[in-house]
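Please read the structure below before turning to the comments.
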Amino acid sequence: MIRLSLAALLLGSALPAMAQPASQPSVPRSAGTPYAARTLPDRIMLTPAADPSRGMAVSFRTDIAQSASEAQIAISVDGPTLEEKATTVTGPAGVAKDSANGPALYHQIRFTDLTPDTVYAYRLKGSAGWSEWLQFRTAATQAKPFRFLYLGDIQNGILTYASRVIRQAFHANGGIELVLHAGDLAAQRDDLDHDDEWGEFNQAGGYNWSIVPQLPATGNHEYIDVTLPNGQESRTLGPYFPLQFALPDNGAPGVGTTYFVDYQGVRFIVMDGTSAIDLGTMAQQTRWLDQTLASSKATWNVVLFHQPVFTCARPDDTPEIKAAWQPVFESRKVDLVLQGHDHCYSRLTSEAGRAASAEARADGAVQGPVYLVSVTGSKMYGLNDRARTQPDKTAEATELYQIVDVAGDRLTFRTYTASGKLYDGFNLHKRADGNHLTDTTEPTIAQRTCTGNVGPDGGKCVARAK
């Protein structure tokens, strides 16, 4: 008999309204209220527990008539009889949130005591009835081959441009079991009313967000500017991120946006660069990072955060993060460091530069952490001077997604453009002495950079200097 324990998680009392007053017409709005809460659940987001072989969580939104957080879940069967053995669970009322699209209630439910490597189906209750049945598979308890998708900043042109990249990734690459987001999922301070932005984010990913576990990092645009009682300016996490994602509670002390997940031979560690740099949590995050890597029994260790150690657009590297975290990555032999923020593409295997890196590989040298920066949305920055010689591969004015396959002691990394063309790729082989990197032998398209005012697609260059 499978025991299913589900606890609804509330995130506090009602949050302040985000509607823009008439005196602030400069904040763009979608026409009408396209993202008003409906009588059926929407914004359904699946996230893993720290042990995704035993637990998952789901966040969703309803109209204000559906105050109870309610779900049904069952081990999936192959005929239309899921409800016969489904367990119905109710929890405390959802969290109220008002916005430019009207009032809504946000709900979070955690699924625990699940069976490893098993397909489950679940559905969620709205005021007019149940959602469709949605399926996910729990992770295996041991290392097992799997595929994950890594996305850089979605942030701008979310529905207009980024949606096609996300959909191309899922359309062309079956078997994606996790999605990693390197922060700035929405602009939160720029393009649209905040609720419109998160509505676009959910529409862009569609049902994929509800059946594939999501691992999001926070970027600077997940935060909003605030003025403290003493008049100083600071930042606080915006209201939508904690409503949208039910994250594991195993991160750095006092930093709820950090966490780790062990998935079939990979330890994914998620950091918060904005909190570290702007809110004074660098020391506790660095200690936690080191401890979490030291305790890892995984074959592969992947770290995800927003502000890159090595920048491809900004004039200088990120000094605080580089000083605190790079030594930990190097000493603890991290395999991949996945980042965003720079709105360009960079794959860096040696701080000494691409020529030195290629020579070292030719001599059989062990490969240290591979540092990646990528972008999915429409805002683009031009490459800095170092990007011409330091990273192994770069791109500007290009929307991208990354597919990573993990199988035992081999990791395969592929970067694709919005239309599905292979742009970059490498393989890591973990041997007794460490990782060895080889570039893909598959044909890739030409380097994508601007030439003067002309972009890589022959139109204007949309990458602006940072």
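For Asp117 and Ala65, FRET efficiency with R0 = 30 Å and r from the beta-carbon atoms, rounded to 0.05? That gives a FRET efficiency of 0.20.
Using a cut-off of 27 Å between Cα atoms, the listed pairs Lys322/Lys430; Lys333/Lys379; Lys421/Lys460; Lys144/Lys430; Lys85/Lys144; Lys97/Lys322 include Lys333/Lys379; Lys85/Lys144; Lys97/Lys322 as exceeding that distance. Using the Cβ-Cβ distance between Ala446 and Glu351 with R0 set to 22 Å, the FRET efficiency works out to roughly 0.25. Computed from the C-beta positions of Ala465 and Val366, the FRET efficiency with R₀ = 41 Å rounds to 0.65.
Taking other C-beta atoms within 10 Å as the exposure proxy, Phe329, Phe148 rank Phe329, Phe148 from fewest upward.
Each peptide in 372-382, 193-203, 111-121, 456-466 was scored by the mean count of other Cβ atoms within 10 Å over its residues; highest first, the order is 372-382, 193-203, 111-121, 456-466. The aspartates and glutamates within cross-link reach of Lys297, meaning a Cα-to-Cα straight distance under 16 Å and a gap of 8 or more places when in the same chain, are Asp51, Asp262, Asp335, Asp409. With the simple spin-label model, which puts each label point 7 Å out from Cα in the Cβ direction, the Thr236 to Thr160 separation comes to 3.2 nm. Scanning residues 5 or more positions from Glu399 or on other chains, those with amide H under 5 Å from its amide H are Ala418, with H placed 1.01 Å from N in the peptide plane. Annotation for the range 269-300 versus the range 313-376: alpha-carbon center distance of 17 Å.
Every helix of 4 or more DSSP H residues in the chain counts as -39500 (n - 2.57), and over all residues that averages to -4500 deg cm²/dmol at 222 nm. Protection proxy ranking, highest mean first, for peptides 402-409, 418-425: 402-409, 418-425, where packing is the per-residue count of other beta-carbon atoms within 10 Å, averaged.
The antiparallel fraction among DSSP beta bridges confined to the range 208-335 stands at about 65%.
Taken together, the values in this text are just the output of simple stated rules run on the coordinates, not laboratory data. Since we're looking at a predicted model, the values are computed, not measured. Cβ sites come from the backbone with ideal geometry, for glycine too, and all protein chains shown count toward neighbours.
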